[in-house]
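What follows is calculated from the coordinates using simple rules that are stated; it is not laboratory data. Owing to the predicted nature of the structure, the values given are computational and were not obtained by experimental measurement. When we count neighbours, we look across all protein chains shown, and the Cβ atoms used for this are built from the backbone with ideal geometry, even at glycine.
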Amino acid sequence: MHASRIAFADSNWLFSLYYQTDDSRLVEQWWSQEPSTLVVSPLILAECHCIFWRAGRQAEALLLDLQAGRFLDARYSFESLSEEARPYWRRFSPRFNIGTTDMLHVIAARRSGCAWFLSFDSRSGCRALAAAIGLRVFPALSPEDRDILKKLKG
């Protein structure tokens, strides 16, 4: 486990790690830059169980990697993340329609001490929210993310 880059991995990031997608080359680019520690949460793992089983049998590989210590499991309860998210919902929800679980993913990343948020989801606002609260985002923010970020900061 490497600590030079501590990053929270979204379910779409993990999907592109375990299945060949258009974004898999960006996952490879991330790993080739410098050592990293990836953090996942119970909510991310729940999403992965659902989407991985639709695509194939890689859910088993993810669980084995988790057991082997390839990822850090941020075991935060839904209730504690929801409580911590309340001021963020008040602050950001009126500015952009951020999904509940997307907000909780960003809060879990922050609580885990991550410096990075790894996600390919530019529609939900989670990447822009991560940037708004001081996390670095990979891949870099898209124009769509930047538009959302302006709304969040507005």
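Along the axis of the charge dipole computed for the chain (Cβ charges of +1 for Lys and Arg, -1 for Asp and Glu, origin at the Cα centre), the listed residues VAL39, HIS105, LEU17 are led at the positive end by HIS105. For region 72-138, applying the loop criterion from DSSP together with a ceiling of 16 other beta carbons within 10 Å to the GluC sites (Glu not before Pro) yields no site.
Taking the average, over residues, of other Cβ atoms within 10 Å as the packing measure, peptides 105-111, 132-138 rank 105-111, 132-138 from highest down. Computed from backbone phi, the HN-Hα couplings of region 115-130 come to 9, 10, 10, 9, 7, 9, 8, 8, 8, 7, x, 5, 5, 5, 4, 4 Hz, rounded to whole numbers (Karplus: 6.51 cos²θ - 1.76 cosθ + 1.60, θ = phi - 60°; Gly and Pro given as x).
If each residue of separation counts as 0.36 nm, what is the full-extension length gain between ILE51 and ARG123 once their alpha-carbon separation is subtracted? Intermediate values should be presented prior to the final figure.
Numbers: separation 72, 0.36 × 72 = 25.92 nm, distance 1.78 nm.
Fully extending the segment from ILE51 to ARG123 adds 24.1 nm.
Candidates [x] 1.24; [y] 0.95; [z] 1.29; which is the computed Rg/Rh (Cα atoms, Kirkwood Rh)? Derived directly from the coordinates: [y].
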